[in-house]
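Remarks on the structure that follows.
The values are calculated or read from the model by the stated rules, or taken from the named source; none is laboratory data. None of these values were measured; they are calculated from a predicted model. Every residue, glycine as well, gets a Cβ built from its backbone with ideal geometry; the counts of neighbours run over all protein chains shown. For accessibility, only protein heavy atoms count, side chains too; no ligands or nucleic acids. Shrake-Rupley method; radii C 1.70, N 1.55, O 1.52, S 1.80 Å.
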Amino acid sequence: MKYYLIAGERSGDLHGSNLIKAIKQHDPEAEFRAWGGDMMQAAGATLVKHYAEMAFMGFWEVAKNLGTISGFLKACKADLLSYQPDVLILIDYAGFNMRMARFAHENGFQTFYYISPKVWAWNQNRALKLKRDVDKLFVIFPFEKAFFKRFDYEVDYVGNPLFDAIADFTPNPNFLVENKLDPQKPVIALLPGSRRQEVEQMLTLMTSIKPQFSGYQYVIAGVSNLPNELYQPFEKEGIKRVTDDAYNLLSVATAALVTSGTATLETALFEVPQVVCYKTGALSYLIAKNLIRVPYISLVNLVAEKEAVKELIQNDLTSQNLAEELRAVLPNGARREAQLQDYRHVKALLGEKGASEKTGALMVKYLKEAKK
């Protein structure tokens, strides 16, 4: 069968690649075409557009680029009609993918959604649009199944695919030496995100407190889809960078400063104490503040249903607050052990590996049943 996948971010590319591998196990003749990234391409998909061209963050930033986004949507719709897949598989990336879901539904394509848009966080009536346009929805957090049931929408809870990615990871024993890091100096990992706007806003703040932690080495988790010159000013200050290797970095880190997103949960699963940081444009923040319907922005806290990790958001994200919160999660810090205990609770709630395999098997099963 023919599969058309759309992922608009780095995390979606990772989960899409594992999903492609899982689908192949149950449909050896499967063909894949995708909007995604290097990992999906390496897994066997023909890549149409790289997510790096589509990464816009924040309401105002999206509004400024509506013309570009509209052009991407038009191109994607035309390519979908030309390819005529057996199914369209959407992976997270709500703004773009919910529009594609409606188009696919109107044009008679079977549509699956893997990793639901966070409709439970704001504008919850979007759940009705998903119910209308998506044939099968595969969710990765246990609370999502109950949320969609409120809209009389039965969805498949498949577990969290991060467990698969982490289970497949084998730490590099030579990581410190190969990256010219000091094996005698503990590491503070900086995970500023994978979008230019995030990195530009976050790294200056994250690195501003480095002089207060002279006993540690700061290491940036860089990504290859962003230009080197974005990181170079920080490297000139003696801060090391590793590229596309966040898992190895987390495997040796003592603590981390993390931009809100999937990385907060990845950091928790590696049991690295963290401080969550988030800052966006003033207008985007004001809009989001009035729309958000959940008490936290980090996935760790949403799953734990409590403040397991400290969130420094917008005006609270100052050098002084950041230094104070980092001290609290370093060895002998006031909140380190409590945070590690909360991580173990989060792990228990999310379950074990197998989300990708389960989702791939279900998708192939549903498609075969639809063809009978």
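If you sort the three axes of the alpha carbon gyration tensor as a ≥ b ≥ c, you get a/c of 1.5 or more for the range 211-274 and a/b no higher than b/c, which makes it oblate. In this structure the amide hydrogen of residue 111, modeled in the peptide plane, comes within under 5 Å of the amide hydrogens of 88, 135, 136, none closer than 5 places in sequence on its chain. Give me the aspartates and glutamates in straight-line cross-link reach of residue 210: C-alpha distance below 14 Å, same-chain residues under 8 apart excluded. Candidates past the 8-residue exclusion: 235, 237, 324, 325. Note on the range 126-179 and the range 308-372: Cα centroid distance 11 Å, given to the nearest whole angstrom. In the structure shown, do any of 129/310; 74/129; 49/180; 24/353; 118/310; 236/347 have a Cα-Cα gap over 30 Å, and if so which? Among 129/310; 74/129; 49/180; 24/353; 118/310; 236/347, the Cα-Cα distance tops 30 Å for 129/310; 49/180; 236/347.
Averaging the Cα positions of each part gives two centres, and for the range 232-249 and the range 83-105 these lie 35 Å apart.
Computed from the Cβ-Cβ distance with R0 of 41 Å, the FRET efficiency linking residue 235 to residue 166 stands at 0.90.
Rolling a 1.4 Å probe over the protein heavy atoms gives the chain an accessible area of 44 Å² per residue. Please report how far the C-alpha centroid of the range 194-217 lies from that of the range 13-34, rounded to the nearest whole angstrom. Each part reduced to its Cα centre gives a spacing of 36 Å.
Sequence gap at least 6, Cα distance under 8 Å: using those rules, report the relative contact order of the chain to the nearest whole percent. Relative contact order for the chain comes out at 17 percent.
Ligands, DNA and RNA aside, residue 105 has an accessible area near 90 Å² when probed at 1.4 Å. Peptide packing: for 185-193, 326-334, the average count of neighbouring Cβ atoms within 10 Å per residue gives the ranking 185-193, 326-334, highest mean first. Sites listed here are GluC sites (Glu not before Pro) in the range 332-372 whose DSSP assignment is loop and whose Cβ has at most 13 other Cβ atoms within 10 Å: 352. Would you please classify the overall shape of the range 67-117 from the alpha carbon gyration tensor, given that a ≥ b ≥ c denote the square roots of the eigenvalues, rounded means a/c under 1.5, and beyond that prolate means a/b larger than b/c while oblate covers the rest? Here the range 67-117 falls in the oblate category. Per-residue SASA remark: residue 231, around 0 Å² accessible (1.4 Å probe; ligands, DNA and RNA not included).
Available extension along the chain between residue 208 and residue 131 is 23.1 nm, counting 0.36 nm per residue and deducting the alpha carbon span.
The GluC sites (Glu not before Pro) of the range 179-261 meeting both criteria, a DSSP state outside H, G, I, E and B (loop) and at most 12 other C-beta atoms within 10 angstrom of the site's C-beta, are 237.
Within the accessible surface of the chain, defined with a 1.4 Å probe on protein heavy atoms only, the carbon and sulfur portion equals 49 percent.
Taking a ≥ b ≥ c as the square roots of the eigenvalues of the Cα gyration tensor, the range 81-203 is prolate, since a/c reaches 1.5 or more and a/b is larger than b/c. Once volume of the Cα convex hull per residue in Å³ is worked out from the coordinates, which option in (1) 160; (2) 127; (3) 135 does it equal? So the structure-derived entry is (3). Distant-in-sequence amide contacts of residue 220, defined by a placed amide H-H separation under 5 Å and a gap of 5 or more residues or a different chain, comprise 190, 240, 241, 242.
The 3J(HN,Hα) values that the Karplus relation (6.51, -1.76, 1.60; θ = phi - 60°) gives for the range 242-247 are, in residue order, 10, 10, 6, 8, 4, 5 Hz. Gly and Pro appear as x. Our estimate of slack between residue 143 and residue 29, defined as 0.36 nm per intervening residue step minus the Cα-Cα distance, is 37.5 nm. Of all aspartates and glutamates in the structure, those lying under 16 Å Cα to Cα from residue 149, and not within fewer than 8 positions of it along the same chain, are 135.
Using heavy atoms of the protein chains and a probe of 1.4 Å, the accessible area assigned to residue 99 is about 140 Å². Proximity of backbone amide H atoms, modeled 1.01 Å from N, is registered between residue 157 and 139 at under 5 Å, excluding neighbours fewer than 5 places apart on the same chain.
Using the rule -39500 (n - 2.57) for each DSSP H run of four or more residues, divided by the residues of the chain, the 222 nm mean residue ellipticity is -14000 deg cm²/dmol.
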